[in-house]
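Here the structure comes first, spelled out in structure tokens, and everything after it is commentary.
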Amino acid sequence: MTVSGCIWDAPPADFTLSSNDIHIWCACIDLPSLRVQQLAQILSEDELKRAERFYFEQHRNRFIARRGILRTILSRYLDRSPNELEFNYGSRGKPALAETCGGDRLRFNLSDSHGFALYAVTCDRNLGIDIEKIRPIDDAEQIAKRFFSSQEYAVLRDLDRSQQQVAFYNCWTRKEAYVKAIGDGLSFPLDGFDVSLSPGEPAKLLSIKSDTESAANWLLQDFIPVTGYVAALAVEGFGFNISCWQWLEE
């Protein structure tokens with residue numbers, strides 16, 4: 001899968017997930033109110049309480065849609081009712097299926113930005129995914145200086161100004177995908193590892209705390225899920241079959 005070759009297909013009626021498969025789902029989470037209400041009915045009490053914490057209705061509805069679609073997607077792999085699924089959360093908040101619901105094998109990660117969500121699903125390995133809507137950032141260089149590694153900041157600073165925005169989002173999504181894959185969230189310092197970021201350069205984890213050998217065990221894949229957005233996938237290992245599915249409302 002490449003940036004230019006990411007094609008979102010309608011999923012087959014029946015599909016399986018082998019140990020070397022990674023399925024990425026793209027979904028719009030700005031849904032009609034009636035559909036949001038339907039998805040709310042399959043959420044847990046805890047999820048509904050979390051939804052109520054959002055002040056704005058749009059944000060609340062997006063959370064319900066994001067979690068409801070997640071449950072529906074995972075239920076297809078597990079052949080269980082969506083409302084039966086139970087989740088555990090890591091010390092940094094990363095969600096995972098409870099072992100009694102298939103979490104001993106099925107792994108997933110999700111991300112959303114401005115009305116679109118991505119879901120990555122695989123077996124027996126952790127992975128991370130991130131999506132960001134590309135928007136002008138006036139202080140991108142200052143943010144990069146604060147959060148990116150010195151090597152990444154130097155690359156960004158030396159690029160032509162017309163390329164800096166794309167490079168910034170390349171770097172940010174690749175870093176987010178990696179820290180989500182390892183489950184440490186932003187507790188793992190973003191300047192503690194290096195990724196490629198120049199426009200047109202293949203996505204790659206270059207080093208982890210200056211260790212290039214450990215970084216070589218990771219696959220980073222960038223792609224464009226929707227026009228005006230950029231995304232990245234991080235997974236340990238290589239030789240995967242990556243399929244891209246479009247979530248279709250029933």
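Nothing in this text is a laboratory measurement; each read-out follows from the coordinates by a stated rule. Given the structure is predicted, the values throughout are model-derived calculations rather than measurements. Here the Cβ is made from the backbone with ideal geometry for all residues, glycine too, and neighbour counts use every protein chain on show.
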What lysines does Lys49 reach when the alpha-carbon gap must be under 20 Å and sequence neighbours fewer than 8 apart in one chain are set aside?
Lys94
For Arg125, enumerate residues with amide H under 5 Å from its amide H, sequence gap 5+ or separate chain, H modeled in the peptide plane.
Arg107
Report the label-to-label distance for Ser162 and Asn241 in nanometres (one decimal), using points 7 Å from each Cα along the Cα→Cβ vector.
4.2 nm
Derived scalar couplings ³J(HN,Hα) [region 39-46; Karplus, 6.51 cos²θ - 1.76 cosθ + 1.60; whole Hz; x for Gly, Pro]
5, 4, 5, 9, 7, 7, 4, 5
Acute angle (nearest 10 degrees) that the helix 161-182 long axis makes with the longest principal axis of the chain, alpha-carbon atoms:
50 degrees
In whole Å, largest first, the alpha carbons of the chain cover along the principal axes 51, 39, 35
Going by how many other Cβ atoms sit within 10 Å of their own, how do Val230, Val155 line up, fewest first?
Val155, Val230
Would you work out the relative contact order for region 163-208, in percent, from Cα pairs under 8 angstrom that are 6 or more residues apart?
39 percent
Taking placed amide H atoms and a strict 5 Å upper bound, the residues 5 or more places from Phe87 or on another chain that come that close are Ala98
Residues whose built amide H sits under 5 Å from the amide H of Ser207, excluding neighbours closer than 5 in sequence, are Asp194
For Leu205, Leu17, what ranking results if the residue with the fewest other Cβ atoms within 10 Å of its Cβ goes first?
Leu17, Leu205
Is the shape of region 119-250 rounded, prolate or oblate, going by the alpha carbon gyration tensor and its root eigenvalues a ≥ b ≥ c, with a/c under 1.5 for rounded and a/b larger than b/c for prolate?
oblate
Work out the charge dipole of region 1-105 with +1 on the Cβ of Lys and Arg and -1 on the Cβ of Asp and Glu about the Cα centre, then indicate which of Ser75, Ser91, Gly103 is farthest towards its positive end.
Ser91
Magnitude of the Cβ-charge dipole of region 132-236, K/R +1 and D/E -1, about the Cα centre, nearest 20 debye?
220 debye
Let me have the 222 nm mean residue ellipticity of the chain computed from DSSP H runs of 4+ only, each contributing -39500 (n - 2.57), with the sum over all residues rounded to the nearest 500.
-10000 deg cm²/dmol
Angle between the Cα long axis of helix 57-78 and the longest principal axis of the chain, 0 to 90 degrees, nearest 10?
80 degrees
From the phi of every residue in region 88-101, what ³J(HN,Hα) in whole Hz does the Karplus formula 6.51 cos²θ - 1.76 cosθ + 1.60 yield, where θ is phi - 60° and glycine or proline is x?
10, 10, x, 4, 9, x, 5, x, 8, 5, 4, 4, 5, 10
Where both partners of a DSSP beta bridge lie in the chain, what percent of those bridges are antiparallel, to the nearest 5?
85 percent
Note down the relative contact order for region 132-250 as a percent, whole number, built from C-alpha pairs under 8 angstrom at least six residues apart.
24 percent
